[in-house]
1. For the stretch 167-181, what are the residues that are assigned to a loop (DSSP other than H, G, I, E, B) and either touching a Phe, Trp or Tyr at 6+ places or on another chain (Cβ under 8 Å) or without any contact (Cβ under 8 Å) to a residue 24 or more places away in the chain (or both)?
2. Within the stretch 304-349, how many residues turn out to be acidic (Asp, Glu) and within 13 Å of the ligand (Cβ to nearest atom)?
3. Of these, Val299, Val266, which one is at negative phi, among the β-branched types (Val, Ile, Thr) and buried (at least 23 other Cβ atoms within 10 Å of the Cβ)?
4. If you scan the stretch 182-221, which residues turn out to be in contact with a helix residue (DSSP H, G or I) (Cβ under 8 Å, 6 or more places away or on another chain), outside any loop (DSSP other than H, G, I, E, B) and surrounded by 16 or more Cβ atoms within 10 Å (Cβ to Cβ)?
5. Being assigned to a strand (DSSP E or B) and over 26 Å from the mean Cα position of the chain (by Cα) is the filter here; which residues of the stretch 252-294 pass it?
6. What single numbered condition from (1) surrounded by fewer than 19 Cβ atoms within 10 Å (Cβ to Cβ); (2) of a type in the set (Val, Ile, Thr); (3) assigned by TED's automatic domain parsing to the domain that holds Gly311 fails to hold for Val89?
7. Kindly indicate whether any position in the stretch 280-299 is over 26 Å from Ala144 (Cα atoms), within 16 Å of the ligand (Cβ to nearest atom) and out of contact with any helix residue (DSSP H, G or I) (no Cβ under 6 Å at 6 or more places or on another chain).
8. Exactly one condition in (1) within 16 Å of the ligand (Cβ to nearest atom); (2) touching a residue at least 40 places away in the same chain (Cβ under 8 Å) is false for Ala130; which is it?
Amino acid sequence: MHEDATVRELPLPGLALGDVVAALEARYDPALAEEWDAVGLVCGDPEEPVRSVMFAVDPTAEVVDEAIATGVDLLVTHHPLLLTPVHGVPASDPKGRLVHRLVRAGIGLFVAHTNADRAPDHGVNDALAAVLGLADVRPLESVAAPETDTLVVFVPVGVSDQLVDALSAAGAGVIGDYTRCVWQTTGTGTFIPGDGAHPAIGRLGHVERVPEIRLEMVVPRACRAEVLRALLELHPYEDPGYAFFENSATPSRAGLGRVGELSRPVTLREFAERVATSLPATPGGVRIAGDPDRIVRTVAVCGGSGASMLGAASSAGADVFVTSDLKHHSASEATQIPGPALCDVAHFASEWPWLPVAADLLHRDLGARVEVAVSASPTDPWTWQVGGDRRSTPSTTDTARLHSAEESVD
Ligand SMILES: [Zn+2]
């Protein structure tokens, strides 16, 4: 052994912030975000190691305190810290101060906002639908799936596996969670190499018959050029036979809001109780507009401010629409026409169910190399209220009393 050789502890194989960001963006595609939104990495060095990640709804001072106290390396929030453009982040500004504190503590900040709202399967709205027990869940307003082509290519038997590998590496053959998807059949390719040809198989001027495989693979249109490059590079023929067929648009599982079914119909009163017990308790509680005895089975949800989705909830045949921040006029108007009952919950509460879902998903994607946690700081800006009785629904006696009071006024 060399004299100055020492036994050094090797660092655990960790992940860089850039790897974690890539994993988050694979689930919460930034391309799904609204144009006005500000998603992605707010601060942090993509080269720095990340061993622990905390998820929160809002990047408030309390959440940053908690992240620093817990010693996490990355904070993931749903709401952006800097939604409107800034020209600087001086520590004298409340938001700039948070950036300074995060950077000094070596903590990155990553935002997944409207891209997490729209994301398929594990988004904010899926999490809200799941916590309320909805099944057969689909978007209220779905985003068109990315455009695709079907590539058909004919290749001599014996080279097809190699070609499929190359086409897959270039982006072809992805269907949902499945990769290297290909359909193939065998047949006979026939051709006559002409003057000036340099055929890989066959002789000039003679009919050639070659056992070939017809391969069909789906190709994201964005990858068409790269897939073609891979095909031309690997295919043994001088002029391979191939075609890209453009597929018609299909709806995706991504989109705003969700609608789904309860396993059994319940009264609106029972459903409201379920909402109250399934979401974090907040001072504003759960406000309902609708007959407590109305039977509900089809439920529409939209985490955050979902007033704009009221029409979609109604068109989807929802019996009740769960969302936040409904204003007096939109709620009042909605109750005057046939449509879903309304269930207005705290904005914070409607988005909170996403935190454990996103945390578990990241842990599943990255394994034990990264620890995940959900912030324990409630970030509902409303902290107390008076005069309400959030757990009660009008009873027959109350209604009778109200009527008699009105009569006495008349
Ligand atoms: Zn929100």
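The values are calculated or read from the model by the stated rules, or taken from the named source; none is laboratory data. Since the model is a prediction, treat every value here as computed from it, not as a measurement. In this analysis, Cβ positions are derived from the backbone assuming ideal geometry, glycine residues included, and neighbour counts consider all displayed protein chains.
1. First, pick out the residues of the stretch 167-181 that are assigned to a loop (DSSP other than H, G, I, E, B): 170-174, 176-177, 179-181.
Gly176, Asp177, Thr179, Arg180, listed by residue number.
2. 1
3. When all the criteria are applied, what remains is Val299.
4. Residues satisfying the conditions are Ile213, Leu215, Met217, Val219.
5. Correct list: Arg264, Pro265, Val266, Thr267, Arg287, Ile288, Ala289.
6. (3)
7. The answer is yes, given that some residue of the stretch 280-299 is over 26 Å from Ala144 (Cα atoms), within 16 Å of the ligand (Cβ to nearest atom) and out of contact with any helix residue (DSSP H, G or I) (no Cβ under 6 Å at 6 or more places or on another chain).
8. (1)
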